1. Amide H of N185 versus every other amide H placed in the peptide plane: which residues, excluding those fewer than 5 positions away on the same chain, fall under 5 Å?
2. In nm, to one decimal, how far is the S307 label point from the L22 one, both placed 7 Å along Cα→Cβ?
3. When N is the residue count of the range 285-473, what does its C-alpha Rg come to as a fraction of 2.2 N^0.38 Å?
4. Per 0.36 nm of contour for each residue apart, how much would the distance between D233 and F251 grow if the chain were fully extended, relative to their Cα-Cα spacing?
5. What full-extension length gain, to one decimal in nm, is calculated for I241 and D212 as 0.36 nm per residue of separation minus the Cα-Cα distance?
6. If you look for lysine pairs in the range 285-473 that are eight or more places apart or on different chains, how many of them have Cα atoms under 18 Å apart?
7. Using 0.36 nm per residue of separation minus the Cα-Cα distance, give me the extension gain between E443 and K99 in nm, one decimal.
8. I'd like to know how the range 127-223 sits against the 2.2 N^0.38 Å rule of thumb: what's its Cα Rg over that expected value?
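What follows draws every value from the coordinates through simple rules; no lab data is involved. Please read all numbers here as calculations on a predicted model, not as lab measurements. Don't worry about glycine lacking a Cβ; one is built from the backbone with ideal geometry, like all the others, and counts go over all protein chains shown.
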Amino acid sequence: MKRMEGNSSRRGDFLIPLLTVLFDCIAIESSFLFSYWLRFRSPFFEYLGYMHGDAPPIEGYLLGSLFIVLIWVMLFNSRKMYSARRNVTLSDEVINIVKVVSLGMLVVMSAAFFYRDFSYSRVVFGLLWFSSIVLIFAGRVVLRSFERRLYRKGRHLQHAIIIGSDSLANEVYTRLNGHLSFGFNVVGYFADARAHEELKLARAAYLGSVSDAPAFIQEGGVELAFIALRSKDHPRLFELIGECEGVNVEFMMVPDVLDILTSQVRVRELEGVPFLRIKGIPLTFWGRVSKRSFDIIVSLLLLIAFSPVWLLIMLLIKLDSRGPVFFKQERVGLDGWKFTMYKFRSMRVGADESDHKAGLGIRNDPRRTRVGVLLRKTSLDELPQLYNVLRGEMSLVGPRPERIKFVEEFQEIVPKYLDRHRVKTGMTGWAQVNGFRGDTSIEERIKYDLYYIENWSLAFDVKILLRTLRAALMAKGVN
């Protein structure tokens, strides 16, 4: 078999992290100098009535900035934010930056409190927190674009193989093949039998049986192996890993068991006995309090901010077609409780009577009104559900509420379907931002819903909301 050259990708592993560190250093230093200038040199604060008099010497701030740059870079590195092929979404990036910068500010303010030789302005620290988030994020956006441009040109790609040939392996290939911006180049697959010709994986190079994979990996050039074997074949996986000892290759296994795929497996020790926790209570007491508080605050702000849009939509609906402005339908929520969900009406009156024909939703639904087409595409028809959120019937983020008829049907045929009712249903969810809306696989949708439930955090909610906002701005709603 032909040996592949891996040095190019290793150069990328050095180049991108180095540029990221340099960009972060420049962004942090620039935000420090900008904050100092805005507070003491610009007329902005004088207009606000804050007379600063003689500005403190900038030398003290420059000395402090060197300490801040060092500490913050170490914090970013501890969060593993300096690596190539991170494939981090922009929503993840901004959340991680806010976390690290906020932690860094606590370190800086603590150090400033104990350092008595120089008095630092608290206003400068406040400006530094905001401006550094903006500048660091801007730098990451530029680098992300540069990194993906390199990958699209075929430079610094990480050569990968797939081990497996059924639907699990096909899903891996389908998602990664042709997306060079991810930084992966799938050179082929190993399996005991060729992939079925109907699968997209069949288009990839067949490199041999599973037993041939170790020799191919040992020849060099392959840096990543995606393992897509079924649980019954796991003994072969252990043999494969054992035969690749001493070889610099990364193995990533795609689980095929729903329990493992959707649960956050952790080890707990009770009286010296280790237990694997494969299912837990999704929200603790304080988790419920923080999520509910977040829902109330954000939904109130959104209701106020979108009030002019509400009035405009209500007017357009009335002018476009006869019937009520709002559409009401009974849905199933937390613990199976039923509630009335609200939407802006996007279809003709009486369209819900033919729901049995539409199922979970059809593209280019002829029942939609002219205004309804725009509302569905931008997801603006979902805005009235902010009222459901305020009432506590829904959350901003969670599994989407389903109609009673489908809940009764799916609970009989879809494994773990009722587990999605362990939390409040949401206006948007992890399944929706990953493309599982309308007429899509209900089994795949459940996997994403259960993953969200088992891995919930407030930061996860913020990430989903940011991705929902991006999808709405790009008009990627349900057709």
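1. Q158, H159, A160
2. Using points 7 Å along Cα→Cβ, the separation is 5.1 nm.
3. 1.00
4. 4.9 nm
5. My answer for the length gained is 9.2 nm.
6. The number of close lysine pairs in the range 285-473 is 17.
7. Using 0.36 nm per residue and subtracting the Cα-Cα distance, I get 120.4 nm.
8. Numbers: Rg = 18.2 Å, N = 97, 2.2 N^0.38 = 12.5 Å.
That works out to 1.45 for the range 127-223.
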